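These notes concern the structure reproduced below.
What follows is calculated from the coordinates using simple rules that are stated; it is not laboratory data. The structure presented is a predicted model; accordingly, all values stated were derived computationally and were not measured.
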Amino acid sequence: MKLVASIRSLSSRGLAVCCAAAYVLVSAVLGATLLVRPDVPSVTEPGLTPPTYISDDGSGSTTTTARPPHGFQRVSGPEGIQTVIPVGWRIARAGAPGAMRAADPEDAGRALGYGGAPSESEDITGLRLTAESEFAERATDYERIALNRAVYGGHRAVEWEYEYDDGSGRQHVHALYWHVDGVEYFVYASGSADTWSRMKPVYDAMVASSRP
């Protein structure tokens, strides 16, 4: 009986030690989680890594680019950004510094954006939160779908997806921003929320084919 009591006593103490250890671990995890801003989940998107660009001599130089997907053409923009857009889309300068816009000639509601501009701040998440706050104030029926931290080509990035009413109907926008050597780059796709399934492959192609 004494042996059984001793075993029970040791089991109780062991259970208490395990519970205490688990509590400390959970507390530490929760504490670390609370250090992350709750309105911007920390997310790493493994699918956002761009392809490797190999020069003609096989040296790995980024002076040449991979062949664009079928039906797309490669374009260049401010601060050396390169990406792809559908063949035949019309390109023009956008209103913001360092920004370009490409529009579907058959559907004015479908548009793409890309560009880059120097940024004194490396807090790319904070910049997007500020931009979102300002846009939400002036937009009609703004609704965030996602605003997540990400990693793109080894660089800090933010992926922002949202909808709003532009007066002609519900619009869906998906954008990627990333920071490289003091420059903030971006690509985005915008189109009708009802037909977003047609634009998503275009956005995915831009993300897969952009540099730096």
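Just a few scattered comments:
- Added length on full extension, which subtracts the Cα-Cα distance from 0.36 nm per residue, Ala96 to Glu143: 14.7 nm
- Full extension of the chain between Asp165 and Glu106 yields a length gain of 19.1 nm, computed as 0.36 nm times the residue separation minus the alpha carbon distance.
- A viscosity of 0.692 mPa s and a temperature of 37 °C, combined with the Kirkwood radius over C-alpha pairs in the Stokes-Einstein formula, give segment 98-212 a diffusion coefficient of 225 µm²/s.
- Amide H contacts for Phe72 (H built 1.01 Å from N in the peptide plane; partners 5 or more residues away or on another chain; cut-off under 5 Å): Val87.
- Nonlocal amide H pairs with Glu184, under 5 Å, H built at 1.01 Å: Ala117, Ser119
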